[in-house]
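Undergrad: Pasting in a structure now, in structure tokens, and then I'll have a few things to ask.
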Amino acid sequence: MIPRLAPLLACLTFPAVADVPAVVADIGPVHSMVARVMDGVGNPRLLIPAGVSPHGHAMRPSEADALARADIVFWVGTALAPWLDRAVDSLASDAMSVELLETAAGAPEGAEEDHDDDVDNDAHDDHDGHDHGDIDPHAWLDPVTGKLWLDRIADVLAEADPENAIIYAANAEAGKAELDTLVVEVRAQLEPVRGRGYITFHDAYHGFETRFDMPSLGAISVSDAVPPSAGQVARLRDVVTTAKAVCVFSEPQFDPGLVETLTEGTEARAGVLDPLGATLQPGMTLYPTLLRSIATALEDCLSR
């Protein structure tokens, strides 16, 4: 009789628990936000390796397999990774696909006039003539947009895994509180160098610039997928000279040769800004560390 009762006793003693969803996130900052919300419950998979531009990444077999096994895919959107739309459709057609750019406006224009962190009044317009339409494909560089994404991630996970909904919500709230503190501290950190001119490698920092009132003089390239023309390089060299740019920033995943071209023979210094966290360890701390690293890079170069 005992062998017959064993399966029943096992069921009574160890009740079935719903599996945690298999989650994939496209880039380091999104993966970090998802990891923050899933802390204590599960671990998301990072799809695009650190140091790789997301615009035209060719997936490895292991990455394609992870996408095929996913229950939920969190990604920025087609404005950043146009190839991923087709990949999700073909490899993860049964998964819930969450384009985070559809969650909120791309960037917080007006932030320099209104610093109360109220995301309801954030809108989007052009920046120095570099127009991405109505969407900022690098919207995570505004920490207030990051707060909106944390909420969206928690809502999606709670719907898919209601048993852990309370944990997801609490983790999102904790992550948002961390970003509130970060905004206050970064504003104070950048105050001494506010107003000093600099040029970025490409037009990726709009959300950060407006949130912290740190407008750049321009960008070497309007997109990480479009190299600058000779005319644009010449124009920017004139800007470096006439506007007396203090710094010109490259990025870890791109050749710094253009920055050397712009700074050669001038007093401008070269620096490095990293919008993706290419040099940071993936995980739940990457996103806030990334934002602080950008602030520190600006402070270090502009204050010298």
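Any read-out appearing in this document is the output of simple, stated calculations on the displayed coordinates, not a laboratory observation. Source: prediction; values computed, not measured. Ideal geometry is used to build each Cβ from the backbone, glycine not excepted, and the neighbour counts take in all protein chains shown.
Undergrad: Once fully extended, how much extra length lies between Asp19 and Ser303, figured as 0.36 nm per residue of separation less the alpha-carbon to alpha-carbon distance?
TA: This chain segment gains 97.1 nm when fully extended.
Undergrad: If you don't mind, there's one more thing I want to ask. What full-extension length gain, to one decimal in nm, is calculated for Arg69 and Glu191 as 0.36 nm per residue of separation minus the Cα-Cα distance?
TA: Once the chain is fully extended between Arg69 and Glu191, it gains 39.3 nm.
Undergrad: Right, next: With N set to the number of residues, divide the alpha-carbon radius of gyration of region 189-302 by 2.2 N^0.38 Å and report two decimals.
TA: 1.02
Undergrad: Once you treat every alpha carbon in region 25-77 as an equal point and sum by Debye, what is log10 I(q)/I(0) at q = 0.18, 0.26 Å⁻¹?
TA: At q = 0.18, 0.26 Å⁻¹ the computed log10 ratios are -0.57, -1.12.
Undergrad: Still on this structure: Just to confirm a number: summing +1 for Lys and Arg and -1 for Asp and Glu over residues other than Ala165 whose beta-carbon lies under 12 angstrom from that of Ala165, what do you get?
TA: -4
Undergrad: Additional query: Figure the gain on full extension for Ala270 and Ala234 (residue separation times 0.36 nm, minus the Cα-Cα span) and round it to one decimal in nm.
TA: 11.2 nm
Undergrad: What nm distance separates the two modelled labels at Thr279 and Asp94, each placed 7 Å from Cα along Cα→Cβ?
TA: Here the answer is 4.3 nm between the modelled labels.
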